Ligand SMILES: C[S@@+](CC[C@H](N)C(=O)[O-])C[C@H]1O[C@@H](n2cnc3c(N)ncnc32)[C@H](O)[C@@H]1O
């Protein structure tokens, strides 16, 4: 196991990975608009060789495999055994295009050479040393090959995550301890200046960072949105910290906070804000 990323690897093989598997369909619905924006920027072409970094349950790997077709090849790489098991069970959905899933830490695993595209939907923010990790991945690209990924922008502009979290914290009387905003985790690449520096230190050129926002439907009712929030995202982490006995209080508090934000039919949609990042391995 990679020493540097061992904490994240343990998380994605523990309760976190299991919850992602259990909620795969809901999560996929949340993140599809952002993955689609990244796929549009990446524009995989028939015959291309692609690596999907942090491929999770394989949704984007399968989609890309269909795009590159039988003449291309896709490798989904991930550290999470439960998520890879789901990905492998769904491989046939690639309609016969060459698609393989590998268990490995993308920051150090052997990767296929002469790759055309490194792609990721929210799978690259978990490296303890991001520049060396991107430098390692860049070396798998052919000259002129591209790297395209989606990552979250600042928590402030992501109320889908922060509104439920603020309500849960208030209900528990929890004041967040000062934390390193750049620590491995969903918001590690929020700072655009840092993000650009990571890629440029890793040897990438033509770095382009575009903001992309979309509404995320977090639940059909405030109650179901609260139920989703305690399963995934930052509220689930808080529940683990304070103890499951506080779950009913947290659920009620999150539901109350979401009621005024619900549409007339009860649906709760809140903004999600991302960077769609593109960079090239210099020729
Ligand atoms: C937020 S999930 C995204 C999953 C998937 N890309 C999706 O959009 O559904 C992050 C993924 O990155 C994976 N991951 C975290 N650290 C990794 C590493 N060092 N190497 C490869 N995958 C990693 C996790 O196991 C997890 O599947």
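The values are calculated or read from the model by the stated rules, or taken from the named source; none is laboratory data. Quantities reported herein were computed from a predicted structural model and do not represent experimental measurements. Methodologically, a virtual Cβ is constructed for each residue, glycine included, from the backbone with ideal geometry; neighbour enumeration extends over all protein chains shown.
Conditions: (1) surrounded by fewer than 18 Cβ atoms within 10 Å (Cβ to Cβ); (2) touching a strand residue (DSSP E or B) at 6+ places or on another chain (Cβ under 7 Å); (3) assigned to a loop (DSSP other than H, G, I, E, B). Residue 178 meets all but one. Number of the miss?
That leaves (2) as the condition not met.
Within the set of pairs 6+ apart or on separate chains, which have a first residue in the stretch 26-43 that is closer than 13 Å to residue 274 by Cα, a second that is assigned to a helix (DSSP H, G or I) and within 8 Å of the ligand (Cβ to nearest atom), and C-beta atoms under 7 Å apart?
Pairs that qualify, where the first residue is closer than 13 Å to residue 274 by Cα and the partner is assigned to a helix (DSSP H, G or I) and within 8 Å of the ligand (Cβ to nearest atom), are 35/60.
Considering every residue within the stretch 152-161, establish whether at least one is touching a strand residue (DSSP E or B) at 6+ places or on another chain (Cβ under 6 Å), near the ligand (Cβ under 9 Å from one of its atoms) and either touching a residue at least 12 places away in the same chain (Cβ under 8 Å) or more than 24 Å from residue 82 (Cβ to Cβ) (or both).
Checked against the condition, which is being touching a strand residue (DSSP E or B) at 6+ places or on another chain (Cβ under 6 Å), near the ligand (Cβ under 9 Å from one of its atoms) and either touching a residue at least 12 places away in the same chain (Cβ under 8 Å) or more than 24 Å from residue 82 (Cβ to Cβ) (or both), the stretch 152-161 yields no hits at all.
Quick one: count up the residues across the stretch 237-264 that are within 27 Å of residue 11 (Cα to Cα) and in contact with a strand residue (DSSP E or B) (Cβ under 8 Å, 6 or more places away or on another chain).
Residues that pass the stated criteria total 0.
Provide a single number: the residues in the stretch 111-131 that are part of a loop (DSSP other than H, G, I, E, B) and within 25 Å of residue 188 (Cα to Cα). Lay out the reasoning, then the answer.
Step one: filter the stretch 111-131 for residues part of a loop (DSSP other than H, G, I, E, B), giving 111-114, 122-129.
With within 25 Å of residue 188 (Cα to Cα) added as a condition, the list becomes 111, 122-129.
Total meeting the criteria: 9.
Could you give me the residue pairs with C-beta distances under 9 Å whose first residue belongs to the stretch 239-260 and is modelled with pLDDT of 90 or more, whose second residue is outside any helix (DSSP H, G or I) wherever it lies, and which are 6+ apart or on separate chains?
Partner pairs satisfying both residue conditions: 242/174; 255/221; 258/218; 258/219; 258/221; 258/268; 258/270; 259/268.
Out of the residues in the stretch 137-146 that are closer than 26 Å to residue 212 by Cα and outside any strand (DSSP E or B), state the one that is nearest to the ligand (Cβ to nearest atom).
Going through the stretch 137-146, the residues closer than 26 Å to residue 212 by Cα turn out to be 137-138, 141, 144-146.
Keeping just the survivors that are outside any strand (DSSP E or B) gives 137-138.
On the way: 137: 10, 138: 15 Å.
Residue satisfying both the conditions and the ranking: 137.
Between 134, 149, 126, 122, which is within 14 Å of the ligand (Cβ to nearest atom), touching a helix residue (DSSP H, G or I) at 6+ places or on another chain (Cβ under 8 Å) and more than 19 Å from residue 35 (Cα to Cα)? Walk me through it before giving the result.
Details: 149 fails: more than 19 Å from residue 35 (Cα to Cα); 126 fails: more than 19 Å from residue 35 (Cα to Cα); 122 fails: more than 19 Å from residue 35 (Cα to Cα).
Being within 14 Å of the ligand (Cβ to nearest atom), touching a helix residue (DSSP H, G or I) at 6+ places or on another chain (Cβ under 8 Å) and more than 19 Å from residue 35 (Cα to Cα) holds for just one of 134, 149, 126, 122, which is 134.
Closer than 30 Å to residue 256 by Cα, buried (at least 22 other Cβ atoms within 10 Å of the Cβ), under 17 Å from the mean Cα position of the chain (by Cα) and at pLDDT 95 or above: does that describe residue 151? Give the derivation first.
Details: closer than 30 Å to residue 256 by Cα: yes; buried (at least 22 other Cβ atoms within 10 Å of the Cβ): yes; under 17 Å from the mean Cα position of the chain (by Cα): yes; at pLDDT 95 or above: yes.
Considered against the rule, which asks whether it is closer than 30 Å to residue 256 by Cα, buried (at least 22 other Cβ atoms within 10 Å of the Cβ), under 17 Å from the mean Cα position of the chain (by Cα) and at pLDDT 95 or above, residue 151 comes out as yes.
Do we find a residue being buried (at least 18 other Cβ atoms within 10 Å of the Cβ) and assigned to a helix (DSSP H, G or I) anywhere in the stretch 258-268?
Yes; the residues of the stretch 258-268 include at least one that is buried (at least 18 other Cβ atoms within 10 Å of the Cβ) and assigned to a helix (DSSP H, G or I).
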